[in-house]
Amino acid sequence: MGFGRLTIFLASLIAVSMLAQSPAPDWAKLQDETMQHYQALLRIDTRNPPGNETVVAEYVKRVLEKEGIPAQIVGSDPKRSNVVARLKGNGKKKPLLIMGHSDVVTVDEAKWKFPPFSATRDGGYVYGRGTVDDKDNLTAALMTMLLLKRLKVPLDRDVIFLSEAGEEGSSGIGIGWMVSDRFADIDAEYCLAEGGGVVRIGGDVKYATVQTLEKIPRGIELVAHGISGHGSVPLKSNAIVHLAGAVAKVGDWRPEIRFNETTGSYFRKLASVSPPEIAKHYRDVLSTDPAVRRAADDWLLENEPRHSSMLRTSVSPNIFTGGYRSNVIPSEAKATLDVRALPDEDPAKFLEQVKRVVNDPAVDVRFTGQFARPAGPEPRLDNDVFKALEAAGTRVYNAITLPTMSTGATDMAQLRAKGVQCYGIGSATDFEDPPKGFGAHSDQERLLESELHRFVRFNWDVITNIAGAK
Ligand SMILES: [Zn+2]
């Protein structure tokens, strides 16, 4: 950002804050309260399965109601409840939904230095399953609700809070149920949830990401059929041989590169904050010259596979089964492909492409089952909400904001399919942490205390800007 633009930007910041006139919370004083809720939530064992999210639901409801915010425990399974609460606005604008999921992935306790549900504070970090996925979001959303109420912030739109169960692989009892049975309770114009974050490298903030799209799981299986027989008499129709050939072909295949507004903007902006030798690849992959693009694609696949996946619908063969004893030729063998589709991919057409790649009549190509996540439209990147996120990224983190597309799935998929414009946010974490085994879903998980508090301030900044009366 140039100096001139910075001046204009600062002037507009002052204008915005004068407009909003929200009373400022005393952040230093709020740190104990934030930490107390965060640790309490982390100490509730909600590993999924079985989840037991109702224990979180009861805690959250108690905290909200103590502040005078009515909260409702809802759900289809009494052990796996969601919580909904609403702060009323003046109705000038449609509601904003803020949500966090209350379940966490399972743990291998032997791998943890501190017990995974102890929320131990050590060396400036808090350790525990859920510290970055997703009890930081849940805590920040909860704190924001408490503060909006406590400081009597006038609102132009309702702010709806949702603590949702089952995000980690059982969304049917969480967002799926909320959307099918209680949509009126969470119906909103905009939603903030997990999926974004702030990247620190060498301890310095480099950039912030806001998740505006995600890939959609569209699992496919390959089933090879052949003639069974005695292993001492090899057969050309051997199902395992046919399956192996088919898997090798789809494994080598790189589906067509396609950009959307989010990924185009992401790579352009990422290039602007990356060292020149790396930035070159981000610019080249956007090139219209097929040879230039191909070389960048090769580099990304080799060095930054997550970025390679963002370019296309990806296919990863992850399960291979067939045969049951060494002297029997089996009549069937099966492989399961993890397919992550670009949001605008036509599943039926993609299936036809896979069939053409396999090109073997002995191998059936079909979807693994019902689609658990629907596709939805891309939210706007030029509206007041995205601008509020960018402004908060500058104010709170002094960072540029990149829209991003997750390669994995989140509960925002169901909401986007209902027309809610969703934006994924997250606290700042060290780029170096996941390779050391401290990321979301890693052997261990941790968050810097200072980043928890900064994330609460970020939430406050964004939410008061989007929902506060102007
Ligand atoms: Zn999560």
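The values are calculated or read from the model by the stated rules, or taken from the named source; none is laboratory data. All values derive from a computational prediction rather than experimental measurement. Note that we place each Cβ from the backbone using ideal geometry, even for glycine, and neighbour counts take in every protein chain shown. Note: areas computed on protein heavy atoms with side chains; ligands, DNA, RNA excluded. Shrake-Rupley method; radii C 1.70, N 1.55, O 1.52, S 1.80 Å.
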Six or more apart or on different chains, Cβ under 6 Å: which pairs go from a residue in the range 183-196 that's on the phi < 0 side of the Ramachandran plot and part of a loop (DSSP other than H, G, I, E, B) to one that's more than 16 Å from the ligand (Cβ to nearest atom) and open to solvent by 20 Å² or more (accessible area, probe 1.4 Å)? Could you list them? A188/P95; E189/K94
Please determine whether any residue of the range 24-35 is at pLDDT below 95 and open to solvent by less than 90 Å² (accessible area, probe 1.4 Å). yes
Could you say whether any residue in the range 153-164 is under 27 Å from I463 (Cβ atoms), within 12 Å of the ligand (Cβ to nearest atom) and in a helix (DSSP H, G or I)? no
Taking strands (runs of 3 or more DSSP E) that do not extend beyond the range 391-468, which have at least 3 residues that are away from the ligand (no atom under 14 Å from the Cβ) and modelled with pLDDT of 95 or more? 401-406
Inside the range 208-227, the number of residues satisfying the requirement of being surrounded by fewer than 21 Cβ atoms within 10 Å (Cβ to Cβ) and not aliphatic (A, V, I, L, M) is 4
Among A119, A141, A188, which is within 30 Å of D430 (Cβ to Cβ), at pLDDT 95 or above and buried (at least 23 other Cβ atoms within 10 Å of the Cβ)? A141
The correct count of residues that are aliphatic (A, V, I, L, M), in contact (Cβ under 8 Å) with a residue 12 or more places away in the chain and away from the ligand (no atom under 16 Å from the Cβ) in the range 109-141 is 2
On the given criteria, is P23 in a loop (DSSP other than H, G, I, E, B) and either of a type in the set (F, W, Y) or without any contact (Cβ under 8 Å) to a residue 60 or more places away in the chain (or both)? no
Do we find a residue being out of contact with any helix residue (DSSP H, G or I) (no Cβ under 6 Å at 6 or more places or on another chain), closer than 22 Å to S171 by Cα and not hydrophobic (A, V, I, L, M, F, W, C) anywhere in the range 110-125? no
Can you tell me which of R306, R325 is open to solvent by 70 Å² or more (accessible area, probe 1.4 Å) and either small (G, A, S) or over 27 Å from the mean Cα position of the chain (by Cα) (or both)? R325
Scan of the range 109-138 for residues that are in contact with a strand residue (DSSP E or B) (Cβ under 9 Å, 6 or more places away or on another chain) and assigned to a helix (DSSP H, G or I), ordered by number: K135, D136, N137, L138
